[in-house]
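No value in this document is a laboratory result; all are computed from the given coordinates. Since this is a predicted model, take the numbers as computed values, not measurements. When we count neighbours, we look across all protein chains shown, and the Cβ atoms used for this are built from the backbone with ideal geometry, even at glycine.
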């Protein structure tokens, strides 16, 4: 699993540097953006507990700029964890609020927290998700996050390291 996480990290770093060099000639106007965006994302994750094979899901994320380098987020989606020992799957609907901070252009550090509602009688869990990512001028967003959940009923914590590939629509233009 560590090899896969390393490969994902190297791929994100390469995308960041490629995007920075390609977009170096296209500067945005000075001043703080107050844009609102709606992102549609696909998520694929490696569970940290050995009882799960894979986590796959999708989400919608609303992002509002507070300043040129700080944005607030609201997201909701669906994540499916496949269980190794059986044909069973565990589904969750995570609903989170968070913040994205851009220390340099296009690269962000994010944090989200909220509730994950079980769709298979596993109850509700607290969910948190720190992450990093790169946004492009074309609307593409590549993010890597750790998503952790508290134990819900009798199920092990379905935590994961997930890659999010998304496209964002600017609702302000």
Q: Pop the C-beta distance of residue 124 and residue 173 into the FRET formula with R0 = 35 Å and round what comes out to the nearest 0.05.
A: 0.40
Q: Obtain the radius of gyration and the Kirkwood radius of the range 93-173 from its C-alpha atoms and give Rg over Rh.
A: 1.05
Q: Report the relative contact order of the range 77-173, percent, no decimals, based on alpha-carbon pairs under 8 angstrom and at least 6 residues apart.
A: 18 percent
Q) Going by how many other Cβ atoms sit within 10 Å of their own, how do 64, 149 line up, fewest first? A) 64, 149
